[in-house]
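These notes concern the structure reproduced below.
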């Protein structure tokens with residue numbers, strides 16, 4: 001793994017330098033960054049079957065095991081009005097993120113070129129992480145280590161062309177045409193439309209994003225998803241985040257059905273060394289659009305212990321469903337439990 005990361009850094013650096021050094025009259029800025037994360041997860045129901053981890057969200061599908069999440073390296077080269085970015089990831093987290101891809105494509109988290117003809121307009125073409133939702137792929141960018149249901153069943157990334165328009169410091173919007181959700185390649189497929197409207201207060205303490213994704217997927221279902229993210233700074237030590245989303249799916253020969261979610265994040269940092277985040281989420285999937293067939297409530301309490309660029313995340317999580325979807329240790333057939341508890345010890349590092 002370390003050999004792959006080192007090789008990737010060398011290749012990325014050499015490639016960006018050779019491409020842009022052809023014009024010796026211009027000098028650009030190359031920025032290389034990266035991250036790595038790992039975790040231990042224990043589910044207190046302790047189902048014995050290895051396929052029954054009581055995990056229905058992304059990236060933590062294990063039981064009583066130490067796991068590597070993802071090692072990433074990112075190179076960004078900007079010169080004049082042009083910017084090129086290559087973001088590579090290795091590990092189970094990257095594999096799950098690019099679940100429709102095969103071979104070397106699974107390692108490409110993001111790869112795009114941008115051109116900004118002015119300070120207020122930017123065009124981007126390639127593959128990038130979705131604008132939908134509150135949570136992000138890279139573990140070090142989240143305060144909870146485990147992911148919520150909305151992230152897990154919402155879009156991960158888009159491949160296509162988009163335009164970002166900045167009207168003022170407090171208002172901007174984005175629109176784009178992309179492949180069907182989570183598809184790096186999609187020959188003959190119809191395209192999706194994506195959009196975002198962003199607004200903020202003059203002092204920057206309150207912000208919001210209204211997001212949209214819609215089109216026909218590879219199975220010819222009509223998809224429409226609306227997503228809202230709100231953030232608010234109460235004080236230097238306390239801030240709030242909210243995410244609400246609804247995804248509607250209509251087959252060609254059937255009626256429309258949907259799943260929805262709503263989550264509140266309370267972030268408290270009494271010191272620069274230690275912080276707490278409480279996340280509460282409601283996820284509704286009674287019609288089985290996401291494959292769960294029930295409504296779920298989850299509550300997560302995560303500590304953030306900062307040692308320079310290292311963050312240690314001890315986390316307790318409780319998931320409860322309206323119907324029995326979780327396995328107990330004695331279950332040999334269908335699940336019999338409506339709830340389960342989990343402890344996670346996560347660690348993230350970035351440079």
> On the given criteria, is residue 54 at positive phi, at pLDDT below 95 and either surrounded by 14 or more Cβ atoms within 10 Å (Cβ to Cβ) or not in a strand (DSSP E or B) (or both)?
Replying inline: no
> What tally of residues in the range 123-142 results from selecting those that are outside any loop (DSSP other than H, G, I, E, B), under 10 Å from the mean Cα position of the chain (by Cα) and touching a residue at least 24 places away in the same chain (Cβ under 8 Å)?
Replying inline: 2
>> Can you pull out every residue in the range 145-174 that is out of contact with any strand residue (DSSP E or B) (no Cβ under 7 Å at 6 or more places or on another chain) and either within 25 Å of residue 107 (Cβ to Cβ) or buried (at least 21 other Cβ atoms within 10 Å of the Cβ) (or both)?
In response: 147, 151, 152, 156
> Among the listed residues 181, 277, which satisfies the condition of being outside any loop (DSSP other than H, G, I, E, B), modelled with pLDDT of 95 or more and crowded, with 19+ Cβ neighbours inside 10 Å?
Replying inline: 277
> Can you pull out the residues in the range 143-158 that are part of a loop (DSSP other than H, G, I, E, B) and out of contact with any helix residue (DSSP H, G or I) (no Cβ under 9 Å at 6 or more places or on another chain)?
Replying inline: 143, 144, 146, 147, 148, 154, 155
> Looking at the range 184-210, which of its residues are part of a strand (DSSP E or B) and either buried (at least 17 other Cβ atoms within 10 Å of the Cβ) or touching a helix residue (DSSP H, G or I) at 6+ places or on another chain (Cβ under 6 Å) (or both)?
Replying inline: 192, 194, 196, 198, 200, 209
> From the set of residues in the range 79-96 that are touching a helix residue (DSSP H, G or I) at 6+ places or on another chain (Cβ under 8 Å) and assigned to a helix (DSSP H, G or I), which is farthest from residue 159 (Cα to Cα)?
Replying inline: 93
> Looking at this structure, is residue 323 touching a strand residue (DSSP E or B) at 6+ places or on another chain (Cβ under 9 Å) and either in a strand (DSSP E or B) or at pLDDT 95 or above (or both)?
Replying inline: yes
> Of the residues that make up the range 226-246, is at least one farther than 29 Å from residue 304 by Cα and touching a residue at least 24 places away in the same chain (Cβ under 8 Å)?
Replying inline: no
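Table: residues versus (1) buried (at least 17 other Cβ atoms within 10 Å of the Cβ); (2) at pLDDT 95 or above; (3) over 25 Å from the mean Cα position of the chain (by Cα).
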{"residue": "8", "(1), (2), (3)": "yes, no, no"}
{"residue": "12", "(1), (2), (3)": "yes, no, no"}
{"residue": "36", "(1), (2), (3)": "yes, yes, no"}
{"residue": "43", "(1), (2), (3)": "yes, yes, no"}
{"residue": "59", "(1), (2), (3)": "yes, yes, no"}
{"residue": "65", "(1), (2), (3)": "no, yes, no"}
> Right, residue 243: under 22 Å from residue 201 (Cα atoms), part of a strand (DSSP E or B) and out of contact with any helix residue (DSSP H, G or I) (no Cβ under 7 Å at 6 or more places or on another chain) or not?
Replying inline: no
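The values are calculated or read from the model by the stated rules, or taken from the named source; none is laboratory data. Treat the numbers as computed from the prediction; the structure is a model and nothing was measured. All Cβ positions, glycine included, derive from the backbone under ideal geometry; neighbour counts span all protein chains shown.
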